[in-house]
Each structure stands twice: as C-alpha cells, then as structure tokens.
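First comes the structure, then the notes that go with it.
The values are calculated or read from the model by the stated rules, or taken from the named source; none is laboratory data. Predicted, not measured: the structure shown is a model, and the values here were computed from it. No Cβ is skipped: glycine too gets one built from the backbone with ideal geometry, and neighbour counts run over all protein chains shown. What goes into the accessible areas is simple: the full protein's heavy atoms, side chains included, and nothing from ligands, DNA or RNA. Shrake-Rupley method; radii C 1.70, N 1.55, O 1.52, S 1.80 Å.
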Amino acid sequence: ATGYPLAFVAAKLSLGLRMDEIQNAVTKVTQACFEPSLDYCVTKIPRWDLAKFEGVSTKIGSAMKSVGEVMSIGRTWEESMQKAMRMVDPSIAGYEPRRQDRYDGEAMTEVLTNPTDRRIFAIAQGMYEGTHSVDDINKLTNVDKWFLRRLRNIAVGSKALGALSLDSITKEQMLEAKQLGFSDQQIAKRLGKTEDEVRAVRKGLGVTPFVKQIDTLAAEYPAATNYLYCTYHGMASDTEDSEKGGVVVLGNGAYRIGSSVEFDWCAVSAIRTLRNMGKRAVMVNYNPETVSTDYDECDQLYFEELSRERVMDIYEQEGIDGVIVSVGGQIPQNLALPLHEAGVKVMGTSPLMIDGAEDRFKFSAMCDRVGVEQPAWRELADMGSALQFAAKVGYPVLVRPSYVLSGAAMNVAHTEEQLKAFLELAEDVSEDKPVVVS
C-alpha cells in the first residue's frame with residue numbers, strides 16, 4: 001500500500017525469479033532490484049474501538065487490540081500526520097487537544113507515561129497549552145524527539161494562525177497552514193469563520209492542492225501508476241494531462257466494529273460495474289487493508305481523506321460527473337447532504353431523503369405525521385429538558401444520536417446519572433446533529 005509491492009515481489013522470489021527479472025509495478029520500466037527512493041511520507045495509525053466495551057484496559061502493548069487502520073500520504077510528516085488523525089475518525093479535527101480528552105496533574109503524567117489510544121491528545125494538550133516541552137514529553141513517553149519536534153511545529157503553526165484574520169491573511173500564510181496539514185475546518189475554527197468562507201478565500205488566493213503520483217523512484221523514472229494523493233507541497237500536478245470526468249466512488253475508510261469488509265465488497269462491485277459500463281471510475285479511500293485501494297481496480301485511486309473538503313477538491317480537479325456515497329457505509333453517508341449543499345451531484349438516493357432517514361428528529365417526526373406508533377420521544381435541546389422528559393415518561397430511556405454507525409453512543413439509561421453521561425457522549429459523537437431521547 002505504501003507504493004512498493006513487497007508481497008508481490010516476495011511471491012515472485014519464492015517462485016524462483018531473481019530481483020532483476022521482476023518488473024517494478026509502479027514504473028513499468030525498472031526492475032525490483034532498484035532500491036526504493038520515496039519523495040513522499042506515509043503515516044499509519046491503528047483504529048481502536050476500546051470505548052465500546054466496559055472494563056477493557058485502554059493500555060496499548062504488544063497485544064493486538066486494533067480493529068482497523070488508516071494510511072495517509074503527504075510530502076512532510078506534519079501534513080501526513082494531521083491527515084491520518086482525521087482519517088481515524090471524522091470527529092477528530094487533526095493534531096490538537098480534544099475537550100473530551102483533557103488531563104491535569106497526575107492524570108496527565110499517567111497518560112503520557114503509559115501508552116493508551118488517547119495519549120496523542122495528551123501530547124497535543126501539553127504542547128498547545130505550553131505546559132510540556134519536547135524534552136518533557138520525550139522523558140515521559142520515550143517518543144523520539146524527531147517526531148515530537150514536528151508535532152511542535154503544528155502546535156506553533158496553530159498559535160500563529162490564531163493571531164491572523166481571514167480578511168488579511170496572505171497567500172504565504174494560508175499555504176504554510178495547509179502545508180502543516182491544517183484542514184479548512186481547523187483554519188475556520190481558529191479564525192472564527194465558516195469552512196466555506198475559508199475555502200473561498202483559499203481558492204481566491206490560488207492555494208489549492210496538487211495531485212501527485214505514488215512513485216517509488218522519486219521521479220528518476222516516469223511513474224505509470226494511477227495511485228494518487230493530494231499535497232500542498234509542489235509546483236504542479238502529475239495528472240494535468242490525464243483523462244477527466246467519470247464517477248467518484250467513496251470507500252468505507254477504516255474498518256471498525258460494525259463496518260468491515262462488506263462495504264469494501266460493495267465499493268469494489270460499484271467500481272467494476274462502472275468500468276464494465278464504459279464509465280471512468282475514481283476511487284477515494286484510505287484503508288490499506290481493502291481491495292478497493294488496489295490501484296488495478298479503478299481508473300484513478302485517490303488514497304485520501306473522506307472529508308467534504310477533499311472530496312470537493314477531487315470533484316473539481318477531475319471534472320467529475322457524479323459521486324456515489326451509498327456503498328461505503330456511514331462515513332460517505334454522512335457526506336451526502338454537505339456535498340449536495342455544496343453543489344456536488346450525488347448519484348442514487350437523494351441526499352434529502354438520506355437526511356430524512358439519518359436525522360433522528362426528522363425521522364421520528366415523519367413517523368408521527370404518517371401515524372406510525374412509536375414510544376414517546378423528545379429531541380435533546382438542553383440537559384434540563386431531557387431530564388424532565390425522562391422523569392415524566394419514566395426510566396429506562398433510550399438515547400439515540402443521529403448519523404452514527406452501528407449504534408455508536410446509543411445507550412439505555414436506567415438512572416439520571418447514566419442519562420447525563422450518555423447524553424454527553426451522544427453529543428460528542430453526533431456533533432451538530434440531533435440527539436433524541438425516547
């Protein structure tokens with residue numbers, strides 16, 4: 001997946017072929033005996049679903065606890081790392097502290113000393129708040145200073161962004177932020193603007209991503225692959241002369257509990273059907289474990305984020321005819337309405353109909369309108385009204401977030417204390433979407 005076909009070469013060697021007899025699948029010209037020379041940086045992060053289980057230790061060691069992984073590609077590790085963190089879960093903005101993962105005093109020392117699935121957010125907190133230096137974190141975590149210094153670059157870049165305004169930001173300042181891996185959404189948060197406002201200014205300044213090919217010989221020989229990634233480090237795209245148009249298929253992202261190989265099968269089936277129909281098929285996914293991220297399966301493979309920003313970048317760059325969101329599971333499903341509102345042609349079921357089914361409030365209201373019986377329900381407007389509703393109808397009550405996968409943060413509360421905790425969890429997962437109590 002990182003560009004050099006290790007398993008392919010190993011299989012050929014086991015059959016008795018020599019290295020100079022095996023063709024490099026990327027260049028189609030050189031042999032496998034060439035030492036790989038990379039001009040890109042790859043970051044892999046495991047996907048853990050430890051929060052789904054009560055009483056499970058969150059400490060990470062040699063035992064296999066992850067349920068999937070993500071892989072990001074960039075020209076610098078800062079860019080690659082921020083992309084990878086967003087890939088792990090759409091609720092993660094990038095390398096920055098999270099409200100639900102904050103630590104103080106001994107708790108901070110504990111989480112830095114003993115590796116868990118949340119330690120990266122403690123490192124971010126220490127750097128962003130200036131309470132821990134690179135040396136401090138190195139002593140507690142044993143993470144190499146090379147990585148810590150680059151994480152510090154991101155924290156310093158974030159502080160610099162916060163001192164700017166969108167009205168006066170220069171092209172150089174915007175480019176520097178994007179080269180550090182900051183998304184439009186992150187920049188918008190720091191400047192007090194919307195993602196669309198940042199995108200409009202960024203494009204107006206001429207700051208757009210370049211499309212690069214995976215190339216195992218660092219451009220010493222022309223790459224013949226359709227294996228692509230986006231970066232803000234570059235002078236030109238490698239695909240300027242390639243064919244445009246076709247249909248984008250959004251993959252499933254990282255495997256997790258409730259979303260696995262079945263969605264990969266759906267995505268691959270969609271790609272193969274499009275190609276059999278004579279349509280150009282463009283795949284967007286970032287899961288190195290899938291068949292859909294095999295560049296032989298499609299006309300163009302973008303090993304990229306499944307975000308509104310990145311899908312729109314590809315949509316505009318490739319002159320795409322339409323986007324299929326229905327075969328990749330919850331992550332593409334959640335993008336249907338935002339992409340539709342941005343003017344992207346979403347193929348298949350109308351995004352408005354998808355929203356009517358995914359939005360708990362709209363779906364429950366529709367059931368009431370057509371006379372379908374259901375338990376009494378109430379949208380969470382604030383904690384007080386939810387507690388009053390639960391006291392009125394009686395416990396237990398069911399907490400139901402919107403736009404979530406396999407019942408994430410859906411819980412049955414038997415007491416007021418449980419309800420408070422479950423509502424906070426549901427709000428974190430559902431973000432700006434409605435949470436319903438019934």
Checking the conditions here, which among 109, 131 is touching a residue at least 24 places away in the same chain (Cβ under 8 Å), more than 24 Å from residue 306 (Cα to Cα) and not aliphatic (A, V, I, L, M)?
109
Give the residues of region 114-123 that are open to solvent by less than 50 Å² (accessible area, probe 1.4 Å) and in contact with a helix residue (DSSP H, G or I) (Cβ under 7 Å, 6 or more places away or on another chain), sorted by residue number.
117, 119, 122, 123
Give all pairs with beta carbons closer than 7 Å in which a residue from region 153-178 that is under 14 Å from residue 198 (Cβ atoms) meets a residue that is of a type in the set (Ser, Thr, Tyr); count only pairs at least 6 apart in sequence or on separate chains.
175/232; 178/232
Search result, residues across region 201-232 that are open to solvent by 30 Å² or more (accessible area, probe 1.4 Å), under 21 Å from the mean Cα position of the chain (by Cα) and at pLDDT below 95
213
Tell me yes or no: at least one residue of region 365-388 is at pLDDT 90 or above, under 30 Å from residue 250 (Cβ atoms) and open to solvent by 70 Å² or more (accessible area, probe 1.4 Å).
yes
Go through (1) surrounded by fewer than 21 Cβ atoms within 10 Å (Cβ to Cβ); (2) over 20 Å from residue 90 (Cβ atoms) one by one and return the number of the condition residue 359 breaks.
(2)
If a residue must be within 30 Å of residue 309 (Cβ to Cβ) and in a helix (DSSP H, G or I), how many such residues does region 342-381 contain?
12
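Identify all residues within region 248-269 that are assigned to a helix (DSSP H, G or I) and open to solvent by less than 20 Å² (accessible area, probe 1.4 Å); write none if there are none. Write out each step before concluding.
Here is the first cut: in region 248-269, the residues assigned to a helix (DSSP H, G or I) are 261-269.
Once the filter is applied, which keeps residues that are assigned to a helix (DSSP H, G or I) and open to solvent by less than 20 Å² (accessible area, probe 1.4 Å), region 248-269 yields 264, 267, 268.
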Which of the residues that make up region 382-425 are more than 29 Å from residue 354 (Cβ to Cβ) and among the β-branched types (Val, Ile, Thr)?
393, 415
In region 76-95, anything on the phi < 0 side of the Ramachandran plot and in contact with a Gly (Cβ under 7 Å, 6 or more places away or on another chain) is listed as 78, 79, 80, 81, 82, 83, 85, 86, 87
Does region 180-200 contain any residue that is among the basic types (Lys, Arg), over 28 Å from residue 125 (Cβ atoms), open to solvent by 40 Å² or more (accessible area, probe 1.4 Å) and at pLDDT 95 or above?
no
